[in-house]
Amino acid sequence: MLSIILILFSSIFFAGFILRTKSIASGRKGPGIMQPVKDVIRLFKKGTIYSETTSIIFRIGPVIYFSSVLMACMVIPFGPYKGIVSFDGDFVFFAYILALGKFFSIISAMDTGSSFEGMGASREALFSMFAEPAFFILIGSFALLTGNTSFFDIFSTLHLGSSITYTLGGLAAFVLVMIAMIENSRMPVDDPKTHLELTMIHEVMVLDNSGFDLGLILTAGYLKFAMYGAIIADFFIGGLSVSFALPLFLFIQLLFAVTVGLIESFMARFRMNHNPQFILALSSVSFLIFLGVLLVLEKFL
Amino acid sequence: MINILIAILIASVIAILSVNVKAKGIVTLSGVILIALISSIVAVKALLGHSYGILLSGPALFGNVMVNIDPLSAWFILTINFTILTGAIYGFNYMRKYIEMKSELTLHCIAYLLAYFALLGICSVQNGFIFLLFWELMALSLFILVIFEHDKPETLRAGLNYLVQSHISIVFLMLGFIYVVYKTGSYSFEAISDFSSQQSTLAGTTLFLCFFIGFAIKAGFVPFHTWLPYAHPAAPSHISGIMSGVVIKIGIYGILRMLLLIKTDYTTIGFIILFISLITGIYGVMLATIQHDLKKLLAYHSVENIGIIGIGIGLGCIGLGATNKWMAILGFTGALLHTLNHSLFKSLLFFSAGNVLQATHTVNIERLGGIIKRMPQTSLLFLVAALAICGLPPLNGFISEFLIFGGLYNWLYSASLLSLIAIVFSLGGLVLIGGLALLCFTKAFSVVFLGNQRSTFNSEINETGFWQLIPMYMTVIFMMFIGLFPSIFINALQIPVNQFTHDVVFNLNLIKVGALDSLKTLNWLFLGFILLVLLILWLRKIQSRKKLIERGLTWGCGYSPSGVKLQYTANSFVRSYSKLAKPILDIEKKEVEVVEVFPSGKHYETHSYDKIERILIDKPIRYMSRFAELFLFLQNGQLQQYILYGIIFITSIICLPLIISKILSILHFLNNL
Amino acid sequence: MTGIYLISAFVIAGLIFANRNSLINNILIVIFGILQTAFTIYSCYHYKSTVLEYFTFDSLGLLLLMTLSVITIPALLHSYLYIKRHDETPSSRAIYFAALIFLIASITAAYLANHIAVIWIFTEMTTLSASMLIYHHRNKLALEGTWKYVFICAISITFVFIGILFLSLSLQHAGSNDLSFCKPDAL
Amino acid sequence: MTNVLLIIFIISLLYVSIANRIITYVRVLALQGVILFGVTFLQLKDIQTWNLVLILLETVVFKAVAVPMFLGYLIKRNKITRETEPYLPHFISLIIITMIVVITILLANSIQDTHLDKIFFIVSLSTLFTGLYFIASRKKIITHVMGYLMIENGVFVLSLAVGNEMPNLVNLGIMLDVFASVLILGIFLNKIGDVFKAVDVDQLSNLKDY
């Protein structure tokens, strides 16, 4: 229960921190930390406009998308505390429920009959497809390392002792950050601020959403960030007591947000057709982690 | 029981022959319902542990025939019953459009019943000879079912392709059975068991591989899948549904049955099955994604799902070999449950495709679009099935894939380095299959049903009749039931799986191990998810009550002509994917380069072809026919030359022994030098 | 049963040939179909037994007989439809069916025969009946086909006879003159 | 005496190979029938009388009289030209048939079988192959029939070799003779002559694979 409260809590500030980082990096003062949340609240109060082309799919899409992200958050533990639920193989559920949300966001984008949104949908489907093996191999490696197959058990029995395990943790954090970037369609895979529909992924998919629906989609995006931040944090706070874990958790979330902001400020976006290679490279990195785990377990003879 | 079934079959066939064309469907339907009822009662009993067995005395030619419905058979019989029943109800309404093809309909109805009977027979007899007879009966009756629209040449060609390949499958099965009969002198299935326990492991493995190839052709494992993408689109939709739903599953049944019978090195077999299944799954879905023919797309997805089932079976076998009990249980449970699941959602998908086909007379997805506004029920049914086939929660596909994932992760603990590598690749492969399925079905669903209509059709597109939708709703309800209450089905699978693992019957409520335990939590999560969605929908409703809800044009970035031509097509949707997959697949592009200053209308086409089919089937056939053409001159219609061949033959027959004896004597002479 | 089968098959063939009424002919054809099936089932249950001195239900014969009987039913059905559709005269129809039934019965007997000379006789009978079937259309091509078929078959059957002669010669060499394939008690 | 008759039989084969007119073939066939009658009469002494009578009737009535007369009738009725029209010159035919006889003699020499009468074997085999060669090298269909009849004669000679031990086989051979000859000649008489006016094999080559 604690974990979902923490995720909700950090998601409130997450987007604000990213924005603030980017502003500072570009030498501006920028909006307040709460500005994204205020935007969402404003959207929730607004009316909606639907395209004549759309059908019921377009209306239920954002709702299912939002619910799926919320459901996914439920299995994320917080260090020594379980998530709302925890069971063997819960990360399979985690990945598949997110995929369900993605399915609906893709088809609701296609429902508008717009070529731009179709383009975004196509890319989203392809990129997330390539990102999933990386995630599964990563978690599989840690399942092998710890001998457990649920998020909570993996993280609570994960002890980063030797230098090699720190390397593994670092690599895992890197892969997860990148997966989070892909899932949220951020730099270097996608740039939400290009204002060029031809080059966007996620943003272009929601061009036609407005009002309450758009609010749901934006909230889901913030939640996703905080969720991945929580997973990354869990790598490092598994064995700690609450008094250490809580500040460390918040610090890692903050660090994650700042990192995202810095990447967006200082890195250029990949060419769209280079993205699949990049994402597949993540799978290779996960495979490296797997080999590292084999080393730790002395499976190589 | 058997007498009653045969009596019903014969009575229905005679009735079909004698009644007028409108009543044929009713007779068939009632025949199917009766057979399904009777066999289901027996099967349910068997599934609860009371196997039905009867020994029929047969002539000395093939010995006594053991008819035995054990839990494994019972599971398959129940699966078959449901899909055949829904298929019959759907077909009953679907075939009304063809009411003027009287004799074809008669044949179709009879063949449907025969195919059903043969499927039940295959699942229950324990005698190789009779098994092969039923297998042949199934192949032939399905051939008749497939070529219903035999006036179309491509249908006939697909049917013949199917017929030939099923007979290659029969040849392999026959080889296996004959090998056993040769060694033990008995056709009964126990002989296979005896054979494998007496002979060396190598002999057992060879025997299994022989059977495996035979069954794999039926099931559609790569590289034996090439008949499948032709036969499914050619058949009427309910036949595609039952073919994909249950007929290819009979191959899975055969593999499982042989696993039960042949006592051999399970680990090796498991690795072989796992390897082939992974390739099957990935290759099937890779090809499915680039198809433009809706039914062909679904056919390739059957290949993919057979791969997933195969992964489950492979895991189960490796679990047996490594005496990893839970891994075996998870693998086999996942495979068996996925068999049921796939037969449900794949038949539903084909039924929906059939509705679309009847409304628009095309299954080329590039010509469709916007159908959800005209056929909302069909579209939503397709959507649910698409979600299920992608393995997305909270539907049934997720449960079985979850179990297979559970088996994979269970393997981690007891694995050597080699198996660890296998695990990583299986994981990556399974997830890739899921991802590609998502890509493929978002494409299929959104291009066919969403957006604007892409071309005009002669007739008005209307929702399919209520009675044709009934079987589809039955299937959907069943699917949701499995998704929301998986424990019932896992419990039902205890006894069949137990046949493999020889374990005490496990009680789901008591185990704390692995993925099976998780299902209870998943139950609540799924319910919670549905409630959450409903809650948010309700919130939005409250919110939107006071607000302005408008309708407008789709946002076209400042440029808004009618969006039909600008819409994203299926081809462009998978364009970046097909560019990536191009080295592995065979995609042919036809485009005209724009050279003029004021270009006229240009046409752009892509076609995909199965590369494995090109390498394994087309090329050898081309070489063979080229070789055979060299001998065309022999058959030249001249009587004298035919006689001449005879002279040459007889002369050589007479002279050969003489020449050979002379050569031998020369050799003898040389040796003595 | 074997004797009954052979006699009744040839009688049916004769009756069909003599009779011109289509209804009676159809009934006879159906009777033959039933007869063929019944005989096959009967022979399945008399695996490895010898009847009428020259006929044995051995494995190979049974296998081929079953194949033949499985094909017979559709062949009869198809012939019926084919003849009906092509609007034949009663006499050509009668000849066609008589020859067909004659052919099937001779093939059956040849499959089951356990003596090389008996096989030889029934093979010649198949040649005769098949040539009648080939000549059914009575046009130029059919004539050519019949001619070639009959001629080549005649030569081949002569060679079979030569083979039998050689066989009997070498049997004399071995001090035996039994031309059956295998003794009933050796089955 | 038997040997003398059989040698005459072989000489008749050589004569046939260089014959120019079809009617010669018919006469040679009649002659062969008569020779066979003689051989049968001399050879088959140990079998039942009625069986012997049947065989003798077959050779005399059928082979020596009926078939040649029928062939002559056919030639007249169908207005078949008198020339034999071979594909190969007579000279080469003669060489080939001589070769056939020589090879059969060599072949027979290499067989060690006390039951087999060598001379019967040689005659029958060379007749057989000559008949086959005839069919393969002549253009007219009627000559094919004659070649076939010659093969029958060869078979008959061979069956005489075992006739004393197995008279049934000789009966079978006679059955074959009558049956096949009637069938083939019947077809010829009834149809081929009517349908195909110039009776050349080239007309009978429409059924082929390409």
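The values are calculated or read from the model by the stated rules, or taken from the named source; none is laboratory data. From a predicted model like this one, the values you see are computed outputs, not experimental measurements. FYI the Cβ positions are ideal-geometry reconstructions off the backbone, even for glycines, and counts take in every protein chain you see.
Residues of the range A:249-293 that are part of a helix (DSSP H, G or I), over 17 Å from A:Val175 (Cβ atoms) and without any contact (Cβ under 8 Å) to a residue 24 or more places away in the chain: A:Phe251, A:Asn273, A:His274. In this structure, A:Ile201 does not satisfy being within 21 Å of A:Leu168 (Cα to Cα), β-branched (Val, Ile, Thr) and within 14 Å of chain B (Cβ to nearest Cβ). Residues in the range B:658-667 that are within 11 Å of another protein chain (Cβ to nearest Cβ) and at pLDDT 85 or above: B:Ser661, B:Lys662. Can we say B:Ser400 is more than 11 Å from chain A (Cβ to nearest Cβ), of a type in the set (S, T, N, Q) and buried (at least 21 other Cβ atoms within 10 Å of the Cβ)? Answer is yes for this residue.
Might you let me know whether the range A:29-44 holds any residue that is closer than 28 Å to A:Asp153 by Cα, surrounded by fewer than 23 Cβ atoms within 10 Å (Cβ to Cβ) and without any contact (Cβ under 8 Å) to a residue 60 or more places away in the chain?
Checked the range A:29-44: no residue is closer than 28 Å to A:Asp153 by Cα, surrounded by fewer than 23 Cβ atoms within 10 Å (Cβ to Cβ) and without any contact (Cβ under 8 Å) to a residue 60 or more places away in the chain.
The set of residues from the range B:303-333 being within 14 Å of B:Tyr409 (Cβ to Cβ) and surrounded by fewer than 24 Cβ atoms within 10 Å (Cβ to Cβ) comprises B:Asn324, B:Trp326.
Considering only the range B:170-183, state which residues are over 27 Å from the mean Cα position of the chain (by Cα) and touching a residue at least 12 places away in the same chain (Cβ under 8 Å). Those that are over 27 Å from the mean Cα position of the chain (by Cα) and touching a residue at least 12 places away in the same chain (Cβ under 8 Å): B:Tyr179, B:Val180, B:Val181, B:Lys183. Of the candidates A:Met129, A:Met110, the single residue that is in contact with an Asp or Glu (Cβ under 8 Å, 6 or more places away or on another chain) and free of Cβ contacts under 8 Å to residues at least 12 places away in the same chain is A:Met110. Just the residues that are facing chain A (nearest Cβ under 7 Å) and modelled with pLDDT of 80 or more, please, taken from the range B:555-571. Residues satisfying the conditions are B:Gln567, B:Tyr568. The condition of being out of contact with any Leu (no Cβ under 9 Å at 6 or more places or on another chain), aliphatic (A, V, I, L, M) and crowded, with 19+ Cβ neighbours inside 10 Å holds for only one of C:Ile119, C:Ile104, C:Ile164, that being C:Ile119. Kindly establish whether B:Phe478 is within 14 Å of chain A (Cβ to nearest Cβ), at negative phi, touching a residue at least 40 places away in the same chain (Cβ under 8 Å) and of a type in the set (Phe, Trp, Tyr). So B:Phe478 does not fit the description; no.
Being touching a helix residue (DSSP H, G or I) at 6+ places or on another chain (Cβ under 8 Å) and surrounded by fewer than 24 Cβ atoms within 10 Å (Cβ to Cβ) holds for only one residue in D:Asn153, D:Asn171, and it is D:Asn171.
If you scan the range C:66-78, which residues turn out to be within 11 Å of chain B (Cβ to nearest Cβ) and in contact (Cβ under 8 Å) with a residue 24 or more places away in the chain? Correct list: C:Met66 only. Contact map, the range A:55-71: first residue facing chain B (nearest Cβ under 7 Å) and at negative phi, second residue in a helix (DSSP H, G or I) and of a type in the set (Asp, Glu), Cβ cut-off under 7 Å, separation 6 or more or different chains; pairs are A:Ser55/A:Asp111; A:Ile57/A:Asp111.
Taking the stated definitions as given, is B:Ala422 more than 8 Å from every other protein chain (Cβ to nearest Cβ), in a helix (DSSP H, G or I), out of contact with any helix residue (DSSP H, G or I) (no Cβ under 6 Å at 6 or more places or on another chain) and aliphatic (A, V, I, L, M)?
yes
Among the residues making up the range B:364-386, a single one is within 11 Å of another protein chain (Cβ to nearest Cβ), within 25 Å of B:His338 (Cα to Cα) and out of contact with any Phe, Trp or Tyr (no Cβ under 7 Å at 6 or more places or on another chain): B:Leu380. I'd like to know if the range B:642-663 contains one or more residues that are assigned to a helix (DSSP H, G or I), closer than 26 Å to B:Asp293 by Cα and among the aromatic types (Phe, Trp, Tyr). No: zero hits. Scanning the range B:534-584 for residues being of a type in the set (Val, Ile, Thr) and in contact (Cβ under 8 Å) with a residue 12 or more places away in the chain gives a total of 4.
Among the residues of the range C:114-135, is there at least one that is touching a residue at least 12 places away in the same chain (Cβ under 8 Å), outside any helix (DSSP H, G or I) and more than 8 Å from every other protein chain (Cβ to nearest Cβ)? There is at least one residue in the range C:114-135 that is touching a residue at least 12 places away in the same chain (Cβ under 8 Å), outside any helix (DSSP H, G or I) and more than 8 Å from every other protein chain (Cβ to nearest Cβ).
Filtering the range A:82-120 to residues that are of a type in the set (A, V, I, L, M, F, W, C), assigned to a helix (DSSP H, G or I) and more than 7 Å from chain B (Cβ to nearest Cβ) leaves A:Phe91, A:Phe94, A:Ala95, A:Leu98, A:Phe104, A:Ala109. Within the range B:498-506, is there a residue that is more than 30 Å from B:Thr606 (Cβ to Cβ), at pLDDT 85 or above, touching a Ser or Thr at 6+ places or on another chain (Cβ under 8 Å) and among the polar types (S, T, N, Q)? No, there is no match, as no residue in the range B:498-506 is more than 30 Å from B:Thr606 (Cβ to Cβ), at pLDDT 85 or above, touching a Ser or Thr at 6+ places or on another chain (Cβ under 8 Å) and among the polar types (S, T, N, Q). Contact map, the range B:153-169: residues that are touching a residue at least 40 places away in the same chain (Cβ under 8 Å) and within 15 Å of B:Pro223 (Cα to Cα) paired with residues that are among the small types (Gly, Ala, Ser) and surrounded by 18 or more Cβ atoms within 10 Å (Cβ to Cβ), Cβ distance under 6 Å, separation 6+ or inter-chain. Pairs shown: B:Tyr162/B:Ala231; B:Ser166/B:Ala139; B:Ser169/B:Gly214. Residues that are within 14 Å of chain B (Cβ to nearest Cβ), surrounded by 17 or more Cβ atoms within 10 Å (Cβ to Cβ) and not small (Gly, Ala, Ser) within the range A:146-174 comprise A:Thr146, A:Asn148, A:Thr149, A:Phe151, A:Phe152, A:Asp153, A:Ile154, listed in sequence order.
Residues checked against (1) of a type in the set (Lys, Arg); (2) modelled with pLDDT under 85:
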| position | (1), (2) |
| --- | --- |
| D:Pro86 | no, yes |
| D:Ser93 | no, no |
| D:Val101 | no, no |
| D:Ile122 | no, no |
| D:Leu128 | no, no |
| D:Lys139 | yes, yes |
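Might you check whether a residue that is assigned to a helix (DSSP H, G or I), more than 39 Å from the chain's Cα centre (by Cα) and facing chain D (nearest Cβ under 10 Å) occurs anywhere in the range B:617-633? Taking every residue of the range B:617-633 in turn, at least one turns out to be assigned to a helix (DSSP H, G or I), more than 39 Å from the chain's Cα centre (by Cα) and facing chain D (nearest Cβ under 10 Å).
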